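Let me begin by presenting the structure, written as structure tokens, before commenting on it.
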Amino acid sequence: WADLKPAERENDPAHLKTEILAKLAYAVGKDPVVANSSDWLTATILVVRDHIVDRWMASTRENYRAEKKRVYYLSLEFLIGRLFRDAMNNLELTSGITQALSELDVDIDFIRELEPDAALGNGGLGRLAACFMESMATVGVPAYGYGIRYDNGLFRQAIEDGAQVEYPENWLAFGDPWEFPRREAAYTIGFGGSVEVTKDWDGATTSSWKPQETVMATAYDTPVVGWRGEKVNTLRLWRARPTSPIKLDLFNSGDHMGALSESNRAKSISRVLYPADSSEAGQELRLRQEFFFTSASLQDILRRHLQQYDTLDNLADKVAVQMNDTHPALAVAELMRLLVDQHNLKWDEAWTKTQAVLSYTNHTLLPEALETWPVNLVERMLPRHMQIIYTINARLLTDVKTAGHSEEILEKVSLIDEHGGRRVRMGNLSFVGAHKVNGVAGLHSDLMKVTVFKELHQVFPDRITNKTNGVTPRRWLMQANPGLTQLLRDTIGDGFMDNTEKLRDLEPFAQNPAFRAKFAAVKLENKTRLAHLIHERTGVKVDPTAMFDIQVKRMHEYKRQHLNILETIALYNAIRANPHKNWAPRVKVFAGKAAASYWQAKSIIRLINDVGNVVNNDSAVRDLLKVVFIPNYNVSAAEVIMPAADLSEQISTAGLEASGTGNMKFGLSGALTIGTLDGANVEMLEHVGADNIKIFGMTAQEVEALRIKGYNPRATIEGIPALKEVLDGIASGIFSPSDKNRYAGLVDSLWNSDHFLVAADFEAYTAAQREMDALWHDQDAWMTKAVLNTARMGWFSSDRTIREYAQEIWNVPTV
Ligand code: 26V
């Protein structure tokens, strides 16, 4: 023991075993002979957590001592998943803990799966926030994530009779061993009421908001450990509590329900994650969530700053606040209110600071996902903030007018949309209150300048910048794909683990048959693991040697899972017509949740399941085609799915997928991409080279041109016999014999509007798929491309993305 180096000492199995047994006894309260698997998991997590805590306190202390600038990432979503393997891996304790547990007769892979998957997010935006937290710790950016500690995360999806059914999720049922409740960090959040204006002795006025209702925000902290455990940051999630648990006067007068209703109204703010990632949330509760976590976070930030510096003069030198989409956009008005009304700054001074501190990331151009709130709702819920928004707007419009811009531009940059009921434009509010505004991939950032923010970009041409997304290679390569990681270490050494650009050293091995064989063997092992999961969850047996062709992501018409399933049906028809042709055996894998009220998306899920039912039981296609829908896609499922793909489907209508991040996770594990020129696919093409990615279909420009010219889906479908046959088949009830009209809505919408241009891209997609078939038959060529994908994906690490934010938006150093 004494001879071991500190790192080895920490990872010493004998020592870890003692620590686990101690936790089991004194924290869990169990004797090893009666402890169940969950008890062992809790005890082990608490041991790992102890190893994090020393580094956490050291990081926090050092950041304070060196007066480092802190970055605050405000996000309504953090799609974290499980933390056990992540924390162990980053502390490099995996081997020690595995051995310690095995000596205790505990199977680490079994208990690992008992940890709930923390799904405090919907999809890409929430998972990006989680990758960013890990990368900020890794590159040494002192950072806090701020969000909401939802009692219930994203619903659990079951497939019943082929259709999605939603069940509540309860990740906190047995408590969360990672979190530290911070009773001392609590803030009062106001709602409603009125604004009082007082005149000072010199005639200046002070406004003061008298809320009618108050709610407490209390903090729960989770440490976020970076790679090699060097730095540890904090994820601080707010929980809503009533300011007074029950109204005693009501309670004593016998109105027990009335006394509790106010308490429930408060608690409901942090009850549940909104399970939609587009289309207006609209409800008042959503706006209450947005203000609740924004206000609590800003109060906490100012308190921490003043505690350390006792002045706000240096606020912008020491604080950067990133708004993840417009969900925290009220930060613009709330920071102004805190600075002007509570800390007595002059308006102009406060505005300069606000803009210098805040920046904003846009994640979508879909019109239905751009937030606006009715002026009368904001006025009622946040009267002082509405005044502040009006003042910001008045000054903005004056400046823009003075600069000589037209009436038309004025109307578009205004924070208020005056058409059809007055609404506050949260995108414009965020843009105007921020010093930098970024998109999440090159194409997306360019499109922002000519669509949603066209006029604001004309007025503030230096504000929009691009920060192409990335994913953390620790979770998505090292942890999810240990087989490949080991092969890479044996082949090119460990350098890529600290700098993914070094994956480039793999390039020459793409031409090496012996290496390709090992690469293929790892892939087959990963596919076998996925085949087990598919069998477990769907009852369908799939052949791991077939091509695994995978589309997993939220269900959305713009992502075009229907293009994929329609082409699958066409393939099925072709196989039946010509069963002895040299087809490439394929397993078509789908997974993803639909928002509960999104009928068309749910209809697509059902169609995929219905098609699977027919295809998988048709002896005529033998094992040439299988179609499976894996229920309840989440981070943990993704960790099994991504490393097992041969082909990654990234087929959104060009111009509509802001970036995509699944595309990067697939690519890292050596999947080939079939995709449109959309989002980050464009940059993947640049990095992996045109020979190693299959791009098809219309470009964003062509999409726009076709829409302007007028798109006729009926004529398009009539011109593609294979597609017409597919649609007629679906409409005639081939896949839904018990309910022949089940897909009338879906099929009609394709014939009559096809807003996402499925028919327009159908032939290009089919041709691209047949090219992939041909390539599959040349396994040497396929594997060469697969290796080159892994070798050239290093740039898509979220470490690179975070370094760019640090340098160009936050002005903080990285290590
Ligand atoms: C919008 C709304 C609208 C109201 C209901 C609740 C809600 C929740 C989330 C959103 C915004 C979703 C935007 C989003 O997730 N965008 C995705 O962001 C990824 C990370 O940047 C990116 O890779 C995906 O392409 C993009 O769709």
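The values are calculated or read from the model by the stated rules, or taken from the named source; none is laboratory data. If you're wondering where the values come from, they're calculated on a predicted model, not measured in any experiment. Glycine gets a Cβ as well: all are built from the backbone with ideal geometry, and neighbour counts include every protein chain shown.
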State which residue is farthest from the ligand (Cβ to nearest atom) when the search covers only the range 259-299 and only residues that are among the aliphatic types (A, V, I, L, M) and assigned to a helix (DSSP H, G or I).
Ala259
Farther than 20 Å from Trp227 by Cβ and part of a loop (DSSP other than H, G, I, E, B) - does that describe any residue in the range 40-58?
no
Output for the range 486-507, where each listed residue is in contact (Cβ under 8 Å) with a residue 12 or more places away in the chain, in a helix (DSSP H, G or I) and polar (S, T, N, Q):
Thr491, Thr500
Give me the pairs, please: first residue somewhere in the range 763-789 and under 20 Å from Tyr572 (Cβ atoms), second residue anywhere and at pLDDT below 95, beta-carbon distance under 8 Å, and either six or more positions apart or on two chains.
His777/Asn582
Condition check: in a strand (DSSP E or B), within 16 Å of the ligand (Cβ to nearest atom) and under 27 Å from Asp86 (Cα atoms). Does Gly145 satisfy that?
yes
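Yes/no matrix, rows are residues, columns are (1) within 14 Å of the ligand (Cβ to nearest atom); (2) part of a loop (DSSP other than H, G, I, E, B); (3) in contact (Cβ under 8 Å) with a residue 60 or more places away in the chain:
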position: Ile409; (1), (2), (3): no, no, no
position: Gly421; (1), (2), (3): no, yes, no
position: Ser445; (1), (2), (3): yes, no, no
position: Val452; (1), (2), (3): yes, yes, yes
position: His457; (1), (2), (3): no, no, no
position: Arg474; (1), (2), (3): no, no, yes
With (1) more than 28 Å from Thr243 (Cβ to Cβ); (2) touching a residue at least 12 places away in the same chain (Cβ under 8 Å); (3) within 21 Å of the chain's Cα centre (by Cα) as the list, and Pro367 as the residue in question, which single condition is left unmet?
(2)
Specify which of the listed residues (Val440, Val450, Val459) is buried (at least 24 other Cβ atoms within 10 Å of the Cβ), of a type in the set (Val, Ile, Thr) and outside the structural domain of His687 (by TED's automatic domain parsing).
Val440
Whether any residue in the range 305-315 is in contact (Cβ under 8 Å) with a residue 24 or more places away in the chain and within 16 Å of the ligand (Cβ to nearest atom) is what I want to check.
no
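Could you tell me how many of the residues in the range 59-77 are surrounded by fewer than 21 Cβ atoms within 10 Å (Cβ to Cβ), of a type in the set (D, E, K, R) and either within 16 Å of the ligand (Cβ to nearest atom) or over 26 Å from the mean Cα position of the chain (by Cα) (or both)? Walk me through it before giving the result.
As a first pass, look at the range 59-77 and keep what is surrounded by fewer than 21 Cβ atoms within 10 Å (Cβ to Cβ): 60-69.
Those left that are additionally of a type in the set (D, E, K, R): 61-62, 65, 67-69.
Within this subset, residues satisfying the condition of being either within 16 Å of the ligand (Cβ to nearest atom) or over 26 Å from the mean Cα position of the chain (by Cα) (or both) are 61-62, 65, 67-68.
Here the count works out to 5.
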In the range 717-747, what residues are within 14 Å of Ile604 (Cα to Cα) and in a helix (DSSP H, G or I)?
Leu727, Ile730, Ala731, Ala744, Gly745, Leu746, Val747
